[in-house]
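The values are calculated or read from the model by the stated rules, or taken from the named source; none is laboratory data. All figures in this text were calculated on a predicted structure; none of them were measured in a lab. Note: ideal-geometry Cβ built from the backbone for every residue, glycine included; neighbour counts use all protein chains shown. Note: areas computed on protein heavy atoms with side chains; ligands, DNA, RNA excluded. Shrake-Rupley method; radii C 1.70, N 1.55, O 1.52, S 1.80 Å.
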Amino acid sequence: VSMAVAAQAAITPLAYALQMEEVAVTARKQTESAQDVPIAISAFSGDLMTDLGVSESGDIALFTPNFTWHTEFGRASPQPYMRGIGTNNFSPINNGPIAIYQDNVFIGPNVAQGFATFDVERVEVLKGPQGTLYGRNSTGGLINFISVKPEIGAGITGYINAEIGSHNTRNLEGAVGFDVGDSAAGRISFLRAENDGYTKNVNPDSNGDAGIVDDIALRAQLLVDAADGLSILTNV
């Protein structure tokens, strides 16, 4: 009996470690558990993205099966492919078959899809055609980055992260949420990311560095509880 008890005690921590966290998603434009959605979906919480080191929109492809993020034409002009569907057209006015959304707002041109991620609540990667709910340009799939929203009555909340590293990397990220009276709340998020690049350009006409990162990003949100059943969120 003592051996059985010892064995049970030994596996209990592992059982807790293997428990899956339930992730609520809005893949079908309503809040529901990811396990209940009849779509091939990969969902990542903001905390998990931080633990995985996700700092740019394309980083999520490193942890998503059947999803690749090509940057042959530069970090800020990507070509995402999902299940083999994508485009190698690097025209700045090109809209590919993989739809990119930020807070449910469509980001069409590929020159705007390689952005820094910060103060993220979660990201949802939907595989396969999504035209029924999201319209054109989603033949191969869809990625939706969802920011942390203001919360009425939560008082002052927020965080700040600072990083330094090789290649003169200097990153600063943070957010602050606050109440605006009894029926409104705001949240301001920011990011400043820099590094000198990790490769050298041997072209004598260049400045010698390649892959330089110089990002500045700011997001401001205001949530107003206008009436029973009606709330208005402004996101800039």
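When the range 145-170 is examined, which residues are found to be out of contact with any Gly (no Cβ under 8 Å at 6 or more places or on another chain) and either assigned to a loop (DSSP other than H, G, I, E, B) or free of Cβ contacts under 8 Å to residues at least 60 places away in the same chain (or both)?
Scanning the range 145-170 gives 149, 152, 153, 155, 162, 163, 164, 165, 166, 168, 169, 170.
For residue 193, work out the one condition from (1) small (Gly, Ala, Ser); (2) part of a strand (DSSP E or B); (3) surrounded by fewer than 14 Cβ atoms within 10 Å (Cβ to Cβ) it doesn't fulfil.
Looking at each condition in turn, residue 193 falls short on (3).
Please enumerate the residues belonging to the range 73-108 that are within 16 Å of residue 143 (Cβ to Cβ), open to solvent by 40 Å² or more (accessible area, probe 1.4 Å), modelled with pLDDT under 90 and in contact with a strand residue (DSSP E or B) (Cβ under 8 Å, 6 or more places away or on another chain).
If the condition is that a residue be within 16 Å of residue 143 (Cβ to Cβ), open to solvent by 40 Å² or more (accessible area, probe 1.4 Å), modelled with pLDDT under 90 and in contact with a strand residue (DSSP E or B) (Cβ under 8 Å, 6 or more places away or on another chain), then 104 is the only one that fits.
Identify the residue in the range 1-31 that is within 19 Å of the chain's Cα centre (by Cα) and open to solvent by less than 60 Å² (accessible area, probe 1.4 Å) and, among all such residues, is modelled with the lowest pLDDT.
Only one residue tops the list, namely 23.
Filter the range 98-118 down to the residues that are farther than 22 Å from residue 148 by Cβ and not in a strand (DSSP E or B) and list them by number.
108, 109, 110, 111, listed by residue number.
Which residues, counting only those in the range 37-84, are among the polar types (S, T, N, Q), over 18 Å from residue 127 (Cβ atoms) and not in a helix (DSSP H, G or I)?
45, 55, 71, 77
Here is a check on your reading of the model: is residue 111 within 14 Å of the chain's Cα centre (by Cα) and either open to solvent by 40 Å² or more (accessible area, probe 1.4 Å) or in contact (Cβ under 8 Å) with a residue 60 or more places away in the chain (or both)?
no
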